[in-house]
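The values are calculated or read from the model by the stated rules, or taken from the named source; none is laboratory data. Just so it is clear, the structure is predicted and the values come from calculations on it, not from any experiment. Quick reminder, even Gly has a Cβ in these numbers, built from the backbone with ideal geometry, and neighbours come from all protein chains shown. Side chains included, ligands, DNA and RNA excluded: accessible areas come from the protein's heavy atoms. Shrake-Rupley method; radii C 1.70, N 1.55, O 1.52, S 1.80 Å.
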Amino acid sequence: MFRIESKIDPRSPEFQQNRDEYLKLLKRFKEILSTIRKGGPEQAVAKHRERGKLLVRERIDLLIDRNTPFIELSALAAYGLYDDGFPSAGIVTGIGVIHGKEVMIVANDATVKGGTYVKESIKKHVRAQEIAMENRLPCVYLVDSGGVFLPEQANVFPDKYDFGRFFFNQARLSAQGIPQVAVVMGSCTAGGAYVPAMSDETIIVRNQGTIFIGGPPLVKAATGEEVTAEELGGAEVHTMISGVADHLAENDVHAIQICRNIFESIRRHEYQPLETSPIEEPFYNPEELYGILPVDLKKAVDSKEVIARMVDGSLFHEFKERYAPTITTGFARIMGYPVGILANNGVLFGETALKGAHFVELCTSRNIPILFLQNITGFIVGKQYERAGIARDGAKFVHAVANAKVPKFTVVFGGSFGAGNYAMAGRAYEPRFLFMYPNSKISVMGGEQAASVLITVKEDQLRAAGKSLSPEDREKMQQIILKKYEDEGSAYFSTARLWDDGIIDPVDTRKIIGLAIAISQNKKYDKTEYGVFRM
Ligand code: COA
């Protein structure tokens with residue numbers, strides 16, 4: 001492979017200015033993250049500690065192998081929602097290593113409204129199980145939850161991907177031979193009782209864990225029976241009388257040790273071999289990304305400059321370099337793993353779509369994972385392009401991406417707008433992971449385009465009625481739409497709603513994608529079959 005020749009001058013004023021602006025965005029992101037990671041209100045944290053319990057992230061730290069990374073997913077779920085009363089949506093999910101095996105960890109944060117579930121907590125839990133299924137990852141549930149957040153029941157209880165999906169997924173995962181382990185470290189009420197009950201193996205902490213279908217107040221109301229939580233479903237009851245739990249732990253630390261012991265005897269099921277190389281750091285410093293990435297999305301970015309700061313040795317075997325340059329395609333290595341990269345370099349034309357589809361076919365036929373680097377305004381519009389069949393060419397690209405069975409990973413490094421989002425493996429195209437950068441934006445189109453479309457529609461309506469839009473009303477309408485798109489297009493808006501798996505620091509991309517490829521090896525890649533490509 002050849003080394004990418006960077007044309008960037010890190011000493012130029014333009015670079016320096018972009019870097020300064022970017023570092024401001026990054027500072028804000030890190031500040032939000034560190035506030036979120038404190039969990040619930042101070043009193044709730046103090047109460048939790050007084051009970052002798054560890055905080056959720058401390059539990060995870062103890063559970064995973066020492067000095068190994070934990071890829072936390074969607075840490076900013078529910079950010080800006082519910083008056084910011086649900087940091088991380090009250091649940092921490094992510095992938096860690098236990099006895100050398102990658103494991104999906106789903107852990108309630110009881111300091112956040114008793115670990116109860118709102119819509120975003122449910123999405124996060126279900127998404128974690130989906131990732132576990134796609135990558136054959138055993139699941140550990142650190143349970144400490146009051147179940148459904150009752151005022152929100154209509155948004156969390158009845159639908160296909162709501163609360164009930166947890167147990168459906170557990171049954172399906174278990175049936176596929178993917179281990180399900182629960183550690184009951186607090187409350188497991190009502191539907192939540194099924195998390196340990198549906199697990200292959202369950203641990204419960206003495207005087208701390210409880211499992212019951214209906215808690216003491218409900219029992220009293222229903223039957224008049226007066227019973228304490230411990231008598232109804234405590235650790236003694238479930239390890240000696242009901243058999244709902246299998247192991248008794250004295251405290252959090254003991255429970256985590258037992259959980260780790262379980263993983264000593266769990267074997268990896270199958271493995272996707274990939275030809276790896278020794279890891280080489282990029283020739284160009286990844287921190288230079290801060291001076292390159294678009295703070296203002298109107299700025300054109302040469303995607304090869306981004307690739308050069310992500311891949312091993314900044315080495316890249318570019319495919320069709322001279323053809324359709326608004327997409328960069330080629331092979332590289334990330335943390336020693338082979339990867340095919342598609343990166344936007346401008347708007348998508350018909351030939352860009354054909355080049356993209358061709359390259360995806362190369363990756364699937366060679367069983368090489370694909371990294372999509374999105375910075376896309378969409379497909380080109382206009383009479384000339386419609387007549388040339390842009391929709392047909394775009395459809396080929398979408399076909400190729402939708403059916404590609406090799407693992408896909410998507411990182412949005414700029415904008416993600418319109419059907420470009422689809423062709424470049426947006427959320428609906430099931431990339432194994434999708435990450436945003438703090439500067440990135442996602443919406444059906446840019447705010448200015450949306451304002452222009454809506455104003456044109458309004459003007460046409462008024463003209464038909466013999467009226468017109470005053471310049472003041474036009475300006476007002478434009479400002480309202482721009483503001484709406486600005487807010488709703490932000491990476492924070494997206495990540496709060498689980499449209500992605502989290503916002504990441506650009507410098508961490510190669511480590512995260514390297515780990516993601518390693519994780520994908522837990523399941524043999526399926527064979528890709530394509531449907532009808534319209535010619
Ligand atoms: N729905 C809505 N809010 C709930 C809730 C629920 N199911 N369970 C707890 N909360 C809220 C509490 O109102 C409190 O909110 P506040 O801080 O604004 O006052 C917060 O969560 C903490 O609850 P608290 O009871 O003070 O904490 P705790 O640690 O002593 O007990 C539970 C936690 C979960 C054991 C206990 O709250 C409980 O039993 N909740 C009811 C569980 C239940 O019956 N769920 C059925 C739904 S499927």
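Taking the range 316-326 as the range and being surrounded by fewer than 20 Cβ atoms within 10 Å (Cβ to Cβ) and at negative phi as the test, the residues that pass are HIS317, GLU318, PHE319, GLU321, ARG322, TYR323, PRO325, THR326. Scanning the range 247-284 for residues that are closer than 30 Å to PHE331 by Cα, surrounded by 15 or more Cβ atoms within 10 Å (Cβ to Cβ) and over 26 Å from the mean Cα position of the chain (by Cα) returns PHE283, TYR284. Pairs linking a residue in the range 170-195 that is open to solvent by 40 Å² or more (accessible area, probe 1.4 Å) to a residue that is hydroxyl-bearing (Ser, Thr, Tyr) and more than 9 Å from the ligand (Cβ to nearest atom), with Cβ atoms under 9 Å and 6 or more positions apart or on different chains, are SER174/SER199. Listed by position, the helices (runs of 4 or more DSSP H) inside the range 444-523 whose residues that are open to solvent by less than 10 Å² (accessible area, probe 1.4 Å) and within 30 Å of MET104 (Cα to Cα) number at least 1 are 491-496, 509-520. Here the helices (runs of 4 or more DSSP H) wholly within the range 124-197 that include at least 3 residues being more than 16 Å from the ligand (Cβ to nearest atom) are 164-175. Selection of the range 227-245 for residues being away from the ligand (no atom under 16 Å from the Cβ), open to solvent by 30 Å² or more (accessible area, probe 1.4 Å) and in contact with a helix residue (DSSP H, G or I) (Cβ under 6 Å, 6 or more places away or on another chain) yields only VAL244. Taking the stated definitions as given, is LYS304 open to solvent by 20 Å² or more (accessible area, probe 1.4 Å) and under 20 Å from ASP505 (Cα atoms)? For LYS304, the condition - open to solvent by 20 Å² or more (accessible area, probe 1.4 Å) and under 20 Å from ASP505 (Cα atoms) - is met.
Of the strands (runs of 3 or more DSSP E) contained entirely in the range 1-113, those carrying at least 3 residues that are more than 16 Å from the ligand (Cβ to nearest atom) and open to solvent by less than 20 Å² (accessible area, probe 1.4 Å) fall at 91-98, 101-108.
Can you find a residue in the range 1-24 that is modelled with pLDDT under 95 and under 30 Å from LYS304 (Cβ atoms)? Yes, the range 1-24 contains at least one residue that is modelled with pLDDT under 95 and under 30 Å from LYS304 (Cβ atoms).
In the range 198-219, which residues are polar (S, T, N, Q), open to solvent by less than 40 Å² (accessible area, probe 1.4 Å) and more than 10 Å from the ligand (Cβ to nearest atom)? Those that are polar (S, T, N, Q), open to solvent by less than 40 Å² (accessible area, probe 1.4 Å) and more than 10 Å from the ligand (Cβ to nearest atom): SER199, THR202, GLN208.
Restricting attention to the range 114-123, the residues that are in a helix (DSSP H, G or I) and in contact (Cβ under 8 Å) with a residue 40 or more places away in the chain total 6.
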